[in-house]
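Notes to accompany the following structure.
The values are calculated or read from the model by the stated rules, or taken from the named source; none is laboratory data. Worth saying up front: this structure is predicted, and the values here are computed from it rather than measured. No Cβ is skipped: glycine too gets one built from the backbone with ideal geometry, and neighbour counts run over all protein chains shown. Each accessible area value is taken on the protein alone, full model and side chains, heavy atoms only, with ligands, DNA and RNA left out. Shrake-Rupley method; radii C 1.70, N 1.55, O 1.52, S 1.80 Å.
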Amino acid sequence: MTELSEQAVLDAVPDGLLIGGDWRPAGSGRTLEVADPATGAVIKTVADAGVEDGAAALDAAVAAGPAWARTPPRERGELLRRAFEAVQQHREEIALLMTLEMGKPLAESRAEVTYGAEFLRWFSEEAVRISGRYGSNGEGTGRMIVSHHPVGPCYLITPWNFPLAMATRKIAPALAAGCTSVVKPADLTPLTTLFFAQLLVDVGLPAGVVNVVTTSTAGEVSGPVIADPRLRKLSFTGSTAVGKRLLQQAAGGVLRTSMELGGNAPFLVFDDADLDVAVDAAMLAKFRNVGQACTAANRFLVHERVAGEFTERVTERVRSLPLGRGTEKGVQVGPLINAAAVGKAGALVHDAVDRGAEVVLGGQAVERPGSFYEATVVTGVRRGSDILSQEIFGPVLSISTFADEAEGVRLANDTEYGLVSYVFTSDLARGLRMIDQLETGMMGLNVGVVSNAGAPFGGVKQSGVGREGGIEGIGEYLSTKYTLTPDPYA
Ligand code: NAP
């Protein structure tokens, strides 16, 4: 891509707040800067919403609510289908935009466009499948009707690491269910959401049905929105720490909540695993998104009999990963989101080494503009190391060993997180035992990526509540009503 086309894509991004169908500047006139993490250069300036803008966005969502809830499901589905087509049409621009604001290699941005668009298609198909139940009560004295209704205005907060997919994973089911919303993307990566919102407008989104506020003061703007009694639902994807704070705030209005929070995925390699499969999967599970994924394999737990060979083979693969700006051809390790992320990866590696681990490859920040950290392999990581309890969110592959199945399971579950686990074994019975025993909401059995629009994505323990995607995903935006009426023959 040339300089010019990057600029053209950036110029096509609206720089205002989408409120009630209009793009407008922040009430205060303030703006916030968005930087390219590969260079540190500011690439775009967008509106910086204040409290009054958040309130206006919620007003618009509330005003648009009843008409959208009454819009036939087929029409809601068709809007989503048109949005899916529009994303396909603009896939290269969206991919480039994501790489520019977030840093991931272009090939991965393209993969995210595919993944993110699938939520639009999936929920376009689910909109017409909202059904209920009808039947006699046990006593035969009445008829019971169970119906599902849009929960009402929603506040959707998304993180920076998957700028398109985290937005469509919330917006699509909300639209399908008949809910209006206010969307608040992360201030580090608001551009993809703004561009996508314009596509929604282009394909016929009615005014106020989706509103977007970008802000550098997330807490200040969100507090009053969450406290407003007209809001009925909060859906958040982000860190467990912020999620806990938001749950407390949501308790005030007893809001429906969906929380997609942090992870600390174990990647278990048993001694009967096909190591070709395990090594391929390790590369995906660790280095996708430069390690900045809630689903990233955080702890490689390898049976001691195969640990040497696994380490050797995976290290060879990691050694060959090209590092650079995500727009450059063939790059597989882009920048981390900012300097703090580089600092965190470095601190976790240092701590692991201080406690006895060995750096086999990498282990340093890269001296160049932007925020880069070398693709790194650390072995012999000891219990108690911070890297085993905190999200690394960087290209650092950390290996520890276990001696038998029971120890593997114990180590895997030794975390307050429970998003996803990865298991590599050629013993089906062992795989099935792992489904029972691993305390995670999702599991990859001999695969390194599990995300799919048709599957219920979500965690247990402190990785969250609720599910996004799958037939479960739309239920998060519906409330259930039970009606009893007398037996019509009585
Ligand atoms: P974060 O710091 O928790 O931020 C997430 C979102 O919350 C951003 O939009 C942020 O806005 C906003 N926010 C921060 N403080 C807030 C407050 N007091 N009130 C309202 N909103 C607030 O997380 P992140 O660093 O962006 O994302 C990385 C985290 O997300 C990791 O922990 C990762 O595991 C998790 N994640 C989970 C999933 C999942 O599905 N389980 C998926 C992806 C990521 P600003 O950024 O503008 O401050």
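Where does each of V182, V128 land when they are ordered by accessible area, with a 1.4 Å probe and the largest first?
Descending order: V128, V182.
Taking θ as phi - 60°, what are the ³J(HN,Hα) couplings along segment 191-201 by the Karplus curve (6.51, -1.76, 1.60), each to the nearest whole Hz, with x for Gly and Pro?
5, 4, 5, 5, 5, 5, 4, 5, 4, 4, 4
Which of rounded, prolate or oblate describes segment 319-409 when judged by the alpha-carbon gyration tensor and an a/c cut-off of 1.5?
Prolate is the answer for segment 319-409, as a/c is 1.5 or above and a/b outweighs b/c.
Give the long-range amide H neighbours of T401: residues separated by 5 or more places, or on another chain, with amide H under 5 Å away, using H modelled in the peptide plane at 1.01 Å from N.
Those lying under 5 Å, H to H, from T401 are V302.
Compute the FRET efficiency between A67 and T39 as 1/(1 + (r/R0)^6), taking r as their Cβ-Cβ distance and R0 = 41 Å, and round to the nearest 0.05.
Taking R0 as 41 Å, the efficiency between A67 and T39 is 0.35.
For segment 20-98, what relative contact order do you get, as a whole percent, if you take Cα pairs closer than 8 Å and at least 6 residues apart?
22
Along the charge dipole of segment 392-490, pointing to its positive end and built from +1/-1 on Cβ of Lys, Arg, Asp and Glu, which listed residue (G469, L438, V450) has its Cα farthest out?
Going by the Cα projections, it comes out as G469.
Label segment 299-364 by shape, choosing from rounded, prolate and oblate, from the square roots a ≥ b ≥ c of the eigenvalues of the Cα gyration tensor; if a/c is under 1.5 it is rounded, and otherwise prolate applies when a/b is larger than b/c, oblate when it is not.
Details: a/c = 2.81, a/b = 1.29, b/c = 2.18.
Oblate.
So what J values fall out for segment 209-223 if you push phi through Karplus, 6.51 cos²θ - 1.76 cosθ + 1.60 with θ = phi - 60°, rounded to Hz, Gly and Pro as x?
After applying 6.51 cos²θ - 1.76 cosθ + 1.60, I find 6, 10, 10, 10, 10, 9, 7, 8, 10, 4, x, 4, 6, 6, x Hz.
Sorted by accessible area (1.4 Å probe), largest first, how do D436, D427 line up?
D436, D427
Express in nm, to one decimal, how much length is gained between H350 and A406 on full extension, taking 0.36 nm for each residue of separation and deducting their alpha carbon distance.
Details: separation 56, 0.36 × 56 = 20.16 nm, distance 2.94 nm.
Between H350 and A406, full extension yields 17.2 nm more.
Amide H of T257: which non-local residues (sequence gap of 5 or more, or other chain) have their own amide H closer than 5 Å, using H built in the peptide plane?
Amide H neighbours of T257, under 5 Å, 5+ apart: L234.
Once R0 is set to 41 Å, what does the formula 1/(1 + (r/R0)^6) return for the Cβ-Cβ distance between D414 and S147, expressed as a FRET efficiency to the nearest 0.05?
My answer for the efficiency is 0.40.
Alpha carbons only, please: Rg and Dmax for the chain, in angstrom.
23.3, 83
Viscosity 0.692 mPa s, temperature 37 °C: Stokes-Einstein D of segment 397-490 from its Kirkwood Cα radius, in µm² per second?
Taking Rh from Cα pairs, D becomes 207 µm²/s.
What's the center-to-center distance, using Cα atoms, between segment 386-400 and segment 410-430 in Å?
Segment 386-400 and segment 410-430 have Cα centres spaced 16 Å from each other.
How much accessible area per residue does segment 200-316 have, in Å², with a 1.4 Å probe? Working shown, then result.
Working: 3920 Å² over 117 residues.
The answer is 33 Å² per residue.
Cross-chain or 8 or more residues apart, Cα under 14 Å: how many lysine pairs in the chain fit that? Count them up, please.
6
Please list the non-local residues whose amide H lies under 5 Å from the amide H of G142, H modeled 1.01 Å from N, same-chain partners needing a gap of 5 or more.
N137, D487
Using alpha carbons only, what's the Rg to Rh ratio of segment 357-396 with Rh from Kirkwood?
1.01
Once the piece of chain linking R74 and R319 is laid out straight, how much longer is it, given 0.36 nm per residue of separation minus the C-alpha distance between them?
83.1 nm
Roughly what % antiparallel, to the nearest 5, for the DSSP beta bridges in the chain? Mind dumping the intermediate values first?
Details: 29 of 65 bridges.
Among the beta bridges of the chain, antiparallel pairing accounts for roughly 45 percent.
Note down the nm distance, to one decimal, between modelled labels 7 Å out along Cα→Cβ at D427 and at E309.
Roughly 1.6 nm, to one decimal.
Whole angstrom only: what separates the Cα centroid of segment 177-193 from the Cα centroid of segment 92-119?
Segment 177-193 and segment 92-119 have Cα centres separated by 16 Å.
Starting from 0.36 nm per residue, how many nanometres of slack lie between T217 and V447 once their C-alpha separation is accounted for?
Extending this stretch completely gives an extra 78.9 nm.
Please work out the FRET efficiency for the pair A339 and Q7, using the Cβ-Cβ distance as r and a Förster radius of 30 Å; give the result to the nearest 0.05.
After rounding to 0.05, the efficiency reads 0.75.
What list of ³J(HN,Hα) couplings, whole Hz, do you get for segment 276-285 from phi and the Karplus terms 6.51, -1.76, 1.60, once you set θ to phi - 60° and write x for glycine and proline?
4, 5, 5, 5, 4, 5, 4, 4, 6, 5
At a threshold of 8 angstrom on Cα-Cα distance, excluding pairs fewer than six apart, so keeping six or more, what relative contact order does segment 1-63 reach in percent?
Numbers: 71 pairs, mean separation 19.1, N = 63.
About 30 percent, as a whole number.
Using just the helices of the chain, give the 222 nm mean residue ellipticity in deg cm²/dmol: DSSP H runs with n ≥ 4 each add -39,500 (n - 2.57), and the total is spread over all residues, rounded to 500.
Result for the chain: -12500 deg cm²/dmol, rounded to the nearest 500.
Carbon and sulfur atoms: what percent of the 1.4 Å accessible area of the chain do they account for?
C and S atoms contribute 53 percent here.
So what is the relative contact order of the chain, in percent, for Cα pairs below 8 Å that sit 6 or more residues apart?
18
State whether segment 197-352 is rounded, prolate or oblate according to the following rule on the C-alpha gyration tensor (a ≥ b ≥ c being the square roots of its eigenvalues): a/c under 1.5 gives rounded; otherwise a/b larger than b/c gives prolate, and the remaining case gives oblate. The partial results should precede the final answer.
Values: a/c = 2.39, a/b = 1.89, b/c = 1.27.
Judged from the Cα gyration tensor, segment 197-352 comes out prolate (a/c at least 1.5, a/b above b/c).
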